[in-house]
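Take a look at the structure set out below.
The values are calculated or read from the model by the stated rules, or taken from the named source; none is laboratory data. Bear in mind the structure is a predicted one, so any value in this text is a computation, not a measurement. Here Cβ is always computed from backbone atoms with ideal geometry, including for glycine, and neighbour counts include all displayed protein chains. We work out accessible area using only protein heavy atoms, side chains counted, and drop any ligands, DNA or RNA first. Shrake-Rupley method; radii C 1.70, N 1.55, O 1.52, S 1.80 Å.
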Amino acid sequence: QVQLVESGGGLVQAGGSLRLSCTASGRSISSYHLGWFRQAPGKEREFVAVSKGNSGAEWYADSVKGRFTISRDFPKDTVQLEMNNLESGDTAVYYCAANGGRRWSIQVEQYDYWGRGTQVTVSS
């Protein structure tokens, strides 16, 4: 089993930046796909970015492409999300998730483990 803990959320001005971090524990997760998702009040949880297992190759939602960067430190079992040029639409609870399957995915239901989330609020 994998435990995930997010950190780094907070209040930031539009146009500013934040860096989120997620630390995994419980077992080796080098082969796991690690994703970031977000959920705003009244909205469905949506995919943000994923770092693929083993390779660390990245994939992003169109809404954040060019502004967000996902990266991971394999020896430390951590994944980060660097968020730049933040907009009011980025306000949400951000969740770290792990997918132990062989195929990577942007779908919520394909992820086995979830953190409790960290709040990101962008003020205008």
Open item on the list: Not counting ligands, DNA or RNA, and with a 1.4 Å probe, what is E109's accessible surface area in Å² rounded to the nearest 10?
Closed with: 130 Å²
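Summing +1 for each Lys or Arg and -1 for each Asp or Glu, what net charge is found among the other residues whose Cβ lies under 12 Å from the Cβ of T23? Mind showing how you got there, number by number?
On the way: positive: R72, K76; negative: E6, D73, D77.
Net of charged neighbours comes to -1.
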Open item on the list: Please compute the length gained on full extension between N84 and V5, using 0.36 nm multiplied by the number of residues separating them and subtracting their Cα-Cα distance.
Closed with: 26.3 nm
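Excluding ligands, DNA and RNA, what is the solvent-accessible area per residue of the chain at a probe of 1.4 Å, expressed in Å²?
On the way: 6520 Å² over 124 residues.
Value returned for the chain: 53 Å² of accessible area per residue.
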Task: Extension gain from F74 to S55, taking 0.36 nm per residue of separation minus the Cα-Cα distance - done: 5.9 nm
- [ ] Putting +1 on Lys and Arg Cβ atoms and -1 on Asp and Glu Cβ atoms, find which of A40, V79, L18 reaches farthest to the positive end of the dipole of the chain.
- [x] V79
Task: the chain - percent relative contact order, Cα under 8 Å, separation 6 or more - done: 36 percent
- [ ] Can you tell me how much longer the chain between R19 and K65 gets when fully stretched, taken as 0.36 nm per residue apart minus their C-alpha distance, in nm with one decimal?
- [x] 15.0 nm
